[in-house]
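Asks: Structure incoming, see below.
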Amino acid sequence: MALMPVSDALAAVLAGAEPLAEQTVCLDEAYHRVLSRDVAARRTQPPEAMSAMDGYAVRTADAANDSRLTVVGEVAAGRPFAGSVGPGEAVRIFTGGVVPDGADAVVIQEDTAADGKHVTIKEAAIFGRHIRPAGVDFREGDVLLRKGIRLTERDLALAAGMNHPHLAVIRRPKVAILASGDELVMPGTTPGRGQIVYSNGYALHALARSEGAETIDLGIAADTLEATSAGIRRARESGADILITTGGASVGDHDLVQQALKGEGIAMAFWKIAIRPGKPMMHGRLGAMRVIGLPGNPVSSYVCAFLFMVPLIRALSGRSAIHHQREHAVLGRDLAANDQREDYLRARLEVRDDGTRVALPVSHQDSSLLANLAAAQVLLVRAPFAPKAEAGTPCEVLRLPV
């Protein structure tokens, strides 16, 4: 089977990936969810003119330098003044207080001298100064949050201010993760001869959750067809939208994932793509559940999850921006010519004094080296059959999550 280009493989993974169903959640559960409807303000903010400072609400016509005014009341936030400000009068006012009728300016307390029931103005009032007009923030009916945005903490504050206790959002995708391999043992144990500590799942769960997905841990399946098939069935029973397998994707006698997937009725869209690291990657569908079979090597597993799982989660989540954005940089060292596979080199990113970004590939690109993956800030992208390139040559990079 010919190796599928990365762009074609990504198109296959994303084919038909529409946003999941809408659900309504409270604000506390809406962080980083994707809005499924526009949100309009239910109120005007502020609903009335408010004082922006502590001081005195006055009539500009009365509050010239050295004017002496009679204090006829007090306003605090949530406690408006029932009367109005007449000629020669002032009302003591605090930040957030409703500006009383008749007043058209606030003189800050530092520019006054209080004397019992009177206040002397030391700096003349300016019309409208230190007053927040009604609706200066927003007005009832203003659409301030648009469908398709991923809600930030600031968006939640705005939604609350608009008087929305709940928001309509896209359901979080459920991502089930199944590891495969008799050689895997859990962190904290002492590996026997030929065994390795399981690490892939921790990165995959974290990466999926950072994109807004729920994750389901299906554990580690033994290298038997029965155990692998049982894990796939558990994914379906859990209602997973995406099943991620890691390991067992190659062609060895103990690599049973593809056989198990086909045995469970999964139609395979591809197996093997023109990518480094991660050539033995698989994708298929079983009803509504999408399956991505990742390689077992830790770097291959992570890079392929970053390139394929993340855009799929974003698409199912209703995000408007699905694809990773490439950035421009220059090479920090010479690179040899590339072969037929699109290469994603782990690299550090340095920024020179003039703002130039320099991508410096780590010295060893082996797909089992976790320390180099952790040290990288970007993936340096090299096209298939890219010629030899010298340091300083322009290149493109993808930023890794921080």
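Asks: Say we join alpha carbon atoms closer than 10 Å with springs in a Gaussian network model of the chain; which of Lys262, Lys174, Lys117 then has the biggest fluctuation?
Replies: Evaluated over the chain, the most mobile residue of the options is Lys117.
Asks: Same structure again: If you take the square roots of the eigenvalues of the alpha-carbon gyration tensor of the range 244-355 and sort them as a ≥ b ≥ c, do you get rounded (a/c under 1.5), prolate (a/b over b/c) or oblate?
Replies: Because a/c hits 1.5 or more and a/b fails to exceed b/c, the range 244-355 counts as oblate.
Asks: For the chain, give the magnitude of the charge dipole about the Cα centre (Cβ charges: +1 Lys/Arg, -1 Asp/Glu; no others), in debye to the nearest 20.
Replies: Here the chain has a charge dipole of around 800 debye.
Asks: Report the charge-dipole magnitude of the range 251-402 in Debye, nearest 20, computed about the Cα centre from +1 at each Lys and Arg Cβ and -1 at each Asp and Glu Cβ.
Replies: Value, rounded to 20: 400 debye.
Asks: Still on this structure: Say we join alpha carbon atoms closer than 10 Å with springs in a Gaussian network model of the chain; which of Ala386, Ala125, Ala113 then has the biggest fluctuation?
Replies: Answer for the Gaussian network model of the chain: Ala113.
Asks: Using a simple spin-label model with points 7 Å from Cα along the Cα→Cβ vector, what separation in nm is obtained for Phe385 and Glu140?
Replies: 6.7 nm
Asks: A follow-up question, please. Mind checking which of Phe127, Phe308, Phe270 has the largest fluctuation in a GNM of the chain, springs on alpha carbons under 10 Å?
Replies: Comparing Phe127, Phe308, Phe270 in the GNM, the peak value goes to Phe127.
Asks: Using 0.36 nm times the number of residues separating Arg352 and Thr224, minus their current alpha carbon distance, what extension gain do you get?
Replies: That works out to 40.8 nm of additional length.
Asks: While we're here: Where in the range 264-278 is the amide nitrogen less than 19 Å from a point lying 7 Å along the Cα-to-Cβ axis of Ala288?
Replies: 265-267
Asks: Name the residue from Ile149, Val291, Asn372 whose Cα lies farthest towards the positive end of the charge dipole of the chain, charges +1 on Cβ of Lys and Arg and -1 on Cβ of Asp and Glu.
Replies: It is Val291, whose Cα lies furthest towards the positive end.
Asks: In the chain, if the dipole is taken from +1 on Lys/Arg beta carbons and -1 on Asp/Glu beta carbons about the Cα centre, which of Leu3, Gly83, Leu69 is farthest to the positive end?
Replies: About the Cα centre, the residue reaching furthest to the positive side is Leu3.
Asks: I would also like to ask the following. Could you let me know the centre-to-centre spacing of the range 55-102 and the range 258-326, using Cα atoms, in angstrom?
Replies: 66 Å
Asks: If I model a spin label at Asn163 and Ala113 as a point 7 Å from the Cα along the Cα→Cβ vector, what separation in nanometres do I get?
Replies: Label-label distance for Asn163 and Ala113, simple model: 4.6 nm.
Asks: Still on this structure: Counting other beta carbons within 10 Å of each Cβ, put Tyr56, Tyr202, Tyr344 in order, fewest first.
Replies: Placing the least packed residue first, the sequence is Tyr202, Tyr344, Tyr56.
Asks: Same structure, new question: Once you charge only the Cβ atoms, +1 for Lys and Arg and -1 for Asp and Glu, what is the size of the charge dipole of the range 50-132 about its Cα centre, to the nearest 20 debye?
Replies: Dipole about the Cα centre, nearest 20: 160 debye.
Asks: Here is a follow-up. Positive end of the dipole of the range 297-402, charges at C-beta (+1 Lys, Arg; -1 Asp, Glu), about the Cα centre: which of Leu360, Ile322, Leu400 has its Cα farthest in that direction?
Replies: Sorting the options by dipole projection puts first Ile322.
Asks: Obtain the nm distance between the two label points defined at Gln325 and Glu183 by a simple spin-label model: each point lies 7 Å from its Cα along the Cα-to-C-beta direction.
Replies: 4.0 nm
Asks: Determine the percent antiparallel among the DSSP beta bridges restricted to the range 50-132, to the nearest 5.
Replies: Approximately 80 percent, going by the DSSP bridge assignments.
Asks: Nearest 5 percent is fine: what portion of the DSSP beta bridges confined to the chain is antiparallel?
Replies: Close to 65 percent.
Any read-out appearing in this document is the output of simple, stated calculations on the displayed coordinates, not a laboratory observation. None of these values were measured; they are calculated from a predicted model. As a convention, Cβ positions derive from the backbone with ideal geometry for all residues, glycine included, and neighbour counts pool all protein chains shown.
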